[in-house]
Amino acid sequence: MSKTWEHYHHAGRHHEKAAYHYHEAAKYYQAEDLEKAAHHAYLAHGHNQHAMYHDAEAAKLHAERSDAPATPAYEQGDEKKSAA
């Protein structure tokens with residue numbers, strides 16, 4: 001499994017958890033249970049921060065991979081033969 005995919009996967013999970021906690025915070029806020037609402041908002045913020053970190057790392061890895069000069073497949077085969 002590539003590191004880029006792992007970062008995208010972790011970012012997605014943290015986005016899901018953040019959405020859940022934002023939803024819970026809104027529910028408790030509506031019920032005027034402000035302490036629980038604040039707690040869920042705090043958790044949502046933390047998951048959002050983690051998601052942004054993983055999004056940035058995935059983008060950085062993707063950019064590093066994309067910046068490498070493309071080598072056609074037929075040239076890659078020649079390199080492997082000459083290295084052997």
*Report the residue count in region 1-46 for those that are open to solvent by 100 Å² or more (accessible area, probe 1.4 Å), at pLDDT below 95 and part of a loop (DSSP other than H, G, I, E, B).*
1
*Determine the pairs where a residue that is free of Cβ contacts under 8 Å to residues at least 60 places away in the same chain, located within region 40-56, has a partner that is open to solvent by 40 Å² or more (accessible area, probe 1.4 Å) and charged (D, E, K, R) with Cβ atoms under 7 Å apart, the partner being 6 or more residues away or on another chain.*
47/17
_Which count do you get for residues in region 48-68 that are over 15 Å from residue 7 (Cβ atoms) and touching a Lys or Arg at 6+ places or on another chain (Cβ under 7 Å)?_
0
*Which of (1) assigned to a helix (DSSP H, G or I); (2) open to solvent by 60 Å² or more (accessible area, probe 1.4 Å); (3) at pLDDT 90 or above is the odd one out, the single condition residue 64 does not satisfy?*
(3)
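The values are calculated or read from the model by the stated rules, or taken from the named source; none is laboratory data. Just so it is clear, the structure is predicted and the values come from calculations on it, not from any experiment. Quick reminder, even Gly has a Cβ in these numbers, built from the backbone with ideal geometry, and neighbours come from all protein chains shown. Heads up: the accessible areas ignore ligands, DNA and RNA and are worked out on the full protein's heavy atoms, side chains in. Shrake-Rupley method; radii C 1.70, N 1.55, O 1.52, S 1.80 Å.
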